[in-house]
Amino acid sequence: MRRSTKRRISLGTIVMTACTIAVLAGFAALMPSFTGSQDILIDAARLAVAMDDSLSQLTASTGEMLQNYVQPQSTFVPPFSSHTSYSASSGQTKQPVVTPVPTATPNPKRSFTLSAGGTIETDSSVRKALTIDKELRFDLLTDQMIRKMQSDLSIVTLKNTVSASNSLSNVNTAQELLTAIRAMGVNALNVAHANALNYGSQGLEETQSAVQAAGMTPFGTNEPAFLTLNGVRVALLHYQEHFSSTARNNFSEDERRALLSPIDLSAITADIAKVREQGAQVVTITLCWGPEGKHDPTDTQYVQAQAIADAGADIILGTGNGALQPVQVLSANRGDGKYHPVLCAYSLGNLFSPDRDSRVTLASILLNAKVVYDTAAQTLAFENITYTPTYAWRGKDMGKTIQRILTNDPNHLPAFVDANQKGVMERCMTLVTEVMADTAIPLAY
């Protein structure tokens, strides 16, 4: 705002002038009494008039000045009023003291939940048991597991093909099974297994397409799959040790390698480096390996698991041998001085199998964990690692013999589980706790 250039009289000068005029006026009024002179009286009257005019001008100037003092310029008060002070005595507004608001630092940690189960396999006997009123009811197989695998990353292995161009068999199954598996919460389905090539490369491709159509991500071939979970990019890789006689007879070794990657440490190391370059922050590897029906990993499996962990895998899930094996948290040495924990399940056994020859094939677990990735440190951590025992049940319900996947919780069994089945489930539970006894992972339903 432009200031006025009109010169103003200070307040002190006004006061002193007024006092002087008052004294002179009093003196002029008293002079006739002292001298008796009319001339002096007349001059004093004139003086009084002149002083009255001066006083009027001074009063107007003083009023204008006082008005300027009483009404200072307005000041904009920001929202931080608690930090603004005003001095009534001086009429001055102090500058507001604004406390800087710290900039929020984004949390570098991102996480997702994991639920991993073993192999699901069906055959013609299972389809027959689940056919009710001429309708195939695979939903009954999984209805007790709904909400049990509702995680951000939920993985199982399908030991069947789903090939519409081929007839149903003990290996090739119906699309309805995929719908039932998806209903459990599974969103990543491994399609690699010993029988994966029984219907040729076309059968494998059709299975992958059927899995996608059911709303899940297929993986297991020599091409990695990627998922983004709560901002974390996860790569899924699979390696195969076992092949059926049909696959060995119909494909050469090179042809099999072109479809399903073998367990080769140098190749696995290169694959992990490649998916890291493609942005993978967490690398999950499944392995079809180990002797059939054995609860203890071999020395070779221990060595391979540690080497795969050192190469950059974060989660290792064994499958294919049909038996539950221990779960460990390995410490990977990647030459950077950081702690890299690796969750390793040597085998998750069967989540469901038609084979009921032994308790080994009936008893397994769901492995659950929270996976936390630190984007700043580029390190991983696992929280709340637990396991839930499972059981492949067969018994009477709905007026016929059917089969289901159950959680093996002796305190909360469905009404259709009879006394004989409870006894079998208790023995299976003992088997599971013995396998998991050497781990620090707690049981949780």
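The values are calculated or read from the model by the stated rules, or taken from the named source; none is laboratory data. Every value quoted in this text rests on a predicted model; they were computed, and no experiment measured them. When we count neighbours, we look across all protein chains shown, and the Cβ atoms used for this are built from the backbone with ideal geometry, even at glycine.
Looking at the structure I just gave you, is A440 small (G, A, S), within 32 Å of the chain's Cα centre (by Cα) and outside the structural domain of G185 (by TED's automatic domain parsing)? Yes, satisfied. Based on what the data block shows, is T131 at pLDDT 95 or above and under 24 Å from Y445 (Cα atoms)? No, not satisfied. All of A311, A307 fail the test of being surrounded by fewer than 18 Cβ atoms within 10 Å (Cβ to Cβ) and either in contact with a Lys or Arg (Cβ under 7 Å, 6 or more places away or on another chain) or touching a residue at least 40 places away in the same chain (Cβ under 8 Å) (or both), apart from A307.
Of all the listed residues (L317, L343, L324), the sole one being closer than 19 Å to L153 by Cβ and over 19 Å from the mean Cα position of the chain (by Cα) is L317.
This table checks each residue for (1) over 20 Å from T390 (Cβ atoms); (2) assigned to a loop (DSSP other than H, G, I, E, B); (3) outside the structural domain of T284 (by TED's automatic domain parsing); (4) touching a Phe, Trp or Tyr at 6+ places or on another chain (Cβ under 8 Å).
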position: K128; (1), (2), (3), (4): yes, no, no, no
position: L140; (1), (2), (3), (4): no, no, no, no
position: Q144; (1), (2), (3), (4): no, yes, no, no
position: R147; (1), (2), (3), (4): no, yes, no, no
position: Q150; (1), (2), (3), (4): no, yes, no, no
position: S154; (1), (2), (3), (4): no, no, no, no
position: A164; (1), (2), (3), (4): yes, yes, no, no
position: S167; (1), (2), (3), (4): yes, yes, no, no
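On inspection, A180 qualifies as closer than 24 Å to L153 by Cβ and among the small types (G, A, S). Does A313 satisfy the condition of being touching an Asp or Glu at 6+ places or on another chain (Cβ under 9 Å) and more than 17 Å from N368 (Cβ to Cβ)? Taking the combined requirement at face value, the residue does not satisfy it.
Please verify whether I441 is closer than 19 Å to H295 by Cα, touching a strand residue (DSSP E or B) at 6+ places or on another chain (Cβ under 7 Å) and either at pLDDT 95 or above or of a type in the set (A, V, I, L, M, F, W, C) (or both), treating the condition exactly as stated. Yes, satisfied. Taking segment 169-209 as the range and being outside any loop (DSSP other than H, G, I, E, B) and farther than 21 Å from R137 by Cα as the test, the residues that pass are A188, N190, G200, S201, Q202, G203, L204, E205, E206, Q208, S209.
Selection of segment 187-215 for residues being in contact (Cβ under 8 Å) with a residue 60 or more places away in the chain and either crowded, with 23+ Cβ neighbours inside 10 Å or not aliphatic (A, V, I, L, M) (or both) yields N190, A192, H193, A196, L197.
When S151 is tested against (1) buried (at least 17 other Cβ atoms within 10 Å of the Cβ); (2) closer than 27 Å to F243 by Cβ; (3) among the small types (G, A, S), just one condition goes unmet, and that condition is (2).
Criterion first (in the same structural domain as N170 (by TED's automatic domain parsing), under 30 Å from V435 (Cα atoms) and either of a type in the set (S, T, N, Q) or touching a Lys or Arg at 6+ places or on another chain (Cβ under 8 Å) (or both)) does Q301 satisfy it? Answer is yes for this residue. Going through (1) in contact (Cβ under 8 Å) with a residue 24 or more places away in the chain; (2) within 27 Å of the chain's Cα centre (by Cα) one by one, E223 falls short only on (1).
Among what's in segment 123-138 and is surrounded by fewer than 17 Cβ atoms within 10 Å (Cβ to Cβ) and β-branched (V, I, T), pick the residue that is nearest to A214 (Cα to Cα). The selected residue is T131.
Taking the criterion of being part of a loop (DSSP other than H, G, I, E, B), at pLDDT 95 or above, farther than 26 Å from K370 by Cβ and not β-branched (V, I, T), the only residue of segment 210-222 that qualifies is A214. Kindly indicate whether A213 is under 30 Å from A311 (Cα atoms) and among the small types (G, A, S). When the stated conditions are applied, A213 does not pass them.
Table: residues versus (1) among the small types (G, A, S); (2) free of Cβ contacts under 8 Å to residues at least 24 places away in the same chain; (3) touching a Leu at 6+ places or on another chain (Cβ under 8 Å); (4) not in a helix (DSSP H, G or I).
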position	(1), (2), (3), (4)
I272	no, no, yes, no
V275	no, no, yes, no
A280	yes, no, no, yes
T284	no, no, yes, yes
G290	yes, no, no, yes
P297	no, no, no, yes
Q301	no, no, no, no
G318	yes, no, yes, yes
G322	yes, no, no, yes
